[in-house]
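The values are calculated or read from the model by the stated rules, or taken from the named source; none is laboratory data. Since we're looking at a predicted model, the values are computed, not measured. Positions of Cβ are backbone-derived with ideal geometry, glycine not excepted, and every protein chain shown enters the neighbour counts.
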Amino acid sequence: MPTLRDVAKLAGVHQSIVSRVLNDDKKTSVKEETRRRVLEAAEALGYWPNALARGLKLKSVGSLALVIPDISNPVYAEIIRGAEQEARRSGHFLLLASTEGTDPGELEFLQSLLEGRVDGVILANALVEDAVIDDLEAGRYPYVLVNRRSQRASRYVVADDAAGAMLAVNYLIDRGHRRIGHLAGPPTADTALTRKYGYRQAIEAAGIAFHEDLVIEGSYSTDSGRVGIRRLLSLKDPPTAVFAANLRVAAGAMDAARRTGTRIPEDLSVVAMHDTELAELLSPGLTTVRLPLEGLGREAVRMLLRVARGEPGPEQVVLLGAELVERESVSPI
């Protein structure tokens, strides 16, 4: 059977253009020559979109797609768990896709959505800007962002990352730390930007001067934590404490710090965003900020189903409830 991707390839256009042409999207301006190429390619291949083309857009097919950037990240495991539980409760299957560095617009889930084989999609990949959102918005397809925001998107469910970051930094400040470093995530990630904002807010609210050299941006990986902590510890006046943007960054930082002879928490205190079983297993146990990740997954599914059914409801949700989990990785200055 020919697919929407086959038509797009033959016509020399993006899949979203094919979908808009074949579904006669009046809100999208497509050149007449492009429209003709798409129609001719569809006819030559014997393709016609199934559910959407037959006017069944609002009919449920019983499946939802969840797209994440890294299936090995334990943070996403909690979001997946919450989403799967809520999807099952509502009588839907949850299909999981991982971008793993792939352009989301090229993934099979998008073709499935455009052809009406899933009722909607939840996007958890972390980029602030993402061209696939434009395609979903233009085609009026049901979608929700989870654990991220974008200026291009109208719907999202996120945790209060800024409040979580402030909770972590204030905890360190209350224990006498004034020289506090931040191992930040990538500047292309909404969560990283929000956590950096919360870090700076807490620092400045306490009357402490903000120093850009104490902020090391990287990725959400253990290697990034290792590289970042080495840079911080090599400063002429190194920090006495560090707030890590996620658990894996903190684990890498703790490992590298120990290899330099730095003791945790005697020489360096560490607090990280997110809490999983791994935090307890580290030595010393890692103090963390727990966010309502399962709640994010559940709320994203609820919102997506409302959108797919055309029902009213909030489309921008920030879940509160950041909680500090004290372990042994922090000591007073």
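Observations, loosely collected:
- Test for Ala272: is it crowded, with 16+ Cβ neighbours inside 10 Å and in a helix (DSSP H, G or I): no
- Condition check for Val227: closer than 22 Å to Ile79 by Cβ, out of contact with any Lys or Arg (no Cβ under 8 Å at 6 or more places or on another chain) and modelled with pLDDT of 95 or more: no
- Restricting the range 185-203 to residues that are in contact (Cβ under 8 Å) with a residue 40 or more places away in the chain and hydrophobic (A, V, I, L, M, F, W, C), the residue that is surrounded by the fewest Cβ atoms within 10 Å (Cβ to Cβ): Leu193
- Pair list, Cβ < 7 Å and 6+ apart or interchain, from the range 163-184 residues that are more than 25 Å from Pro292 (Cα to Cα) to residues that are of a type in the set (D, E, K, R) and part of a loop (DSSP other than H, G, I, E, B): Arg179/Asp237
- Checking each residue in the range 215-258 for being part of a helix (DSSP H, G or I) and closer than 21 Å to Ala163 by Cβ picks out Leu247, Val249, Ala250.
- Scanning the range 285-298 for residues that are within 25 Å of Ala168 (Cα to Cα) and not aliphatic (A, V, I, L, M) yields Gly285, Thr287, Thr288, Arg290, Pro292, Glu294, Gly295, Gly297.
- The range 174-184, residues that are crowded, with 19+ Cβ neighbours inside 10 Å and out of contact with any Asp or Glu (no Cβ under 7 Å at 6 or more places or on another chain): His177, Ile180, Gly181, His182, Leu183
- Taking the criterion of being farther than 30 Å from Gly164 by Cα, part of a loop (DSSP other than H, G, I, E, B) and at pLDDT below 75, the residues of the range 117-145 that qualify are Arg117, Arg140.
- Top-ranked residue of the range 164-196 - restricted to ones that are in contact with a Phe, Trp or Tyr (Cβ under 6 Å, 6 or more places away or on another chain) and of a type in the set (A, V, I, L, M), ranked as nearest to Leu319 (Cα to Cα): Ala165
- The number of residues in the range 309-331 that are in contact (Cβ under 8 Å) with a residue 12 or more places away in the chain and surrounded by fewer than 21 Cβ atoms within 10 Å (Cβ to Cβ) comes to 16.
- Listed by first and then second residue, the pairs linking a residue in the range 68-81 that is in contact (Cβ under 8 Å) with a residue 12 or more places away in the chain to a residue that is surrounded by 20 or more Cβ atoms within 10 Å (Cβ to Cβ) and in a helix (DSSP H, G or I), with Cβ atoms under 6 Å apart and 6 or more places separating them unless they lie on different chains, are Ile68/Tyr76; Glu78/Leu293; Ile79/Leu293; Ile79/Leu296; Ile79/Gly297.
- Residues that are more than 17 Å from Arg306 (Cα to Cα) and modelled with pLDDT of 70 or more do not occur anywhere in the range 49-66.
- Residues of the range 146-203 that turn out to be of a type in the set (A, V, I, L, M, F, W, C) and in a helix (DSSP H, G or I), as a count: 13
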